[in-house]
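This report concerns only the one structure given below.
The values are calculated or read from the model by the stated rules, or taken from the named source; none is laboratory data. For clarity, every value in this text was computed on a predicted model and none was experimentally measured. Please note: Cβ atoms are built from the backbone with ideal geometry, for glycine as well, and neighbour counts cover all protein chains shown. For the accessible areas, the whole protein counts, side chains as well, though only heavy atoms, and no ligand, DNA or RNA atoms are used. Shrake-Rupley method; radii C 1.70, N 1.55, O 1.52, S 1.80 Å.
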Amino acid sequence: MPKASDIKKNAAIEHNGKVLIVKDIERSVPQGRAGGSLYRMRMYDVVTGGKVDETFKDSEMLNFADLSRRAAMFSYIDGDEYVFMDNEDYTPYNLNKSSIEDEVVFITEATEGLSVILVDGSPVGVDVPASVELEIIETDPSIKGGSATARTKPAILSTGLTVQVPEHISTGDRIKINTEERKFMGRADK
């Protein structure tokens, strides 16, 4: 059994008879308390889709849920459902946009390295790779001689995500994005 301090984003845990996917973790160290850190986890219930916020002590023991990941690729959108195809047996997995809203801004038909998260055989979420390549559809004109490090400007990407990019980057460029921090990493290899 893992301690609360061992839990990572997108882990599935069983808590109060529910299977929950961890979407976000905030660690805090309360002052004046002997003892360790507190981990506030934002999770959602895989059955109802409802959001659950819980705070655990770092040493609190939690149970991992029966979870598997299947390599998949994004196929198409059907109303509010995003449909992914299993890379091996082509099983379609439908996920409601609201349950993967943090990830959809990184997903296009060309995104590689996606995994669909299954709990008891049902799709409950999607894992995106650590970095993705996306195209800039709108940003201010590039400034000649703009340094690669100094000032930045907002750029809107093909998925609707907005990130800060250096001034020398222009509309139409493909760039690499760190999905954890939602930050510009550099130009994509051509």
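When we screen 101, 109 for residues that are surrounded by fewer than 16 Cβ atoms within 10 Å (Cβ to Cβ) and either assigned to a loop (DSSP other than H, G, I, E, B) or touching a Gly at 6+ places or on another chain (Cβ under 9 Å) (or both), the only hit is 109.
Taking the criterion of being of a type outside the set (D, E, K, R), within 22 Å of the chain's Cα centre (by Cα) and at negative phi, the residues of the stretch 26-55 that qualify are 28, 39, 41, 43, 44, 46, 47, 48, 50, 52, 55. Does any residue of the stretch 163-184 turn out to be under 30 Å from residue 22 (Cα atoms), open to solvent by 70 Å² or more (accessible area, probe 1.4 Å) and hydrophobic (A, V, I, L, M, F, W, C)? No: the stretch 163-184 contains no residue that is under 30 Å from residue 22 (Cα atoms), open to solvent by 70 Å² or more (accessible area, probe 1.4 Å) and hydrophobic (A, V, I, L, M, F, W, C).
Conditions tested, residue by residue: (1) aromatic (Phe, Trp, Tyr); (2) over 23 Å from residue 128 (Cα atoms); (3) part of a loop (DSSP other than H, G, I, E, B).
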residue	(1), (2), (3)
5	no, no, no
10	no, no, yes
14	no, no, no
19	no, no, no
23	no, no, no
30	no, yes, yes
36	no, yes, yes
42	no, no, no
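Residues that are open to solvent by 40 Å² or more (accessible area, probe 1.4 Å), within 12 Å of residue 124 (Cα to Cα) and either of a type in the set (A, V, I, L, M) or not in a strand (DSSP E or B) (or both) within the stretch 67-95 comprise just one, 67.
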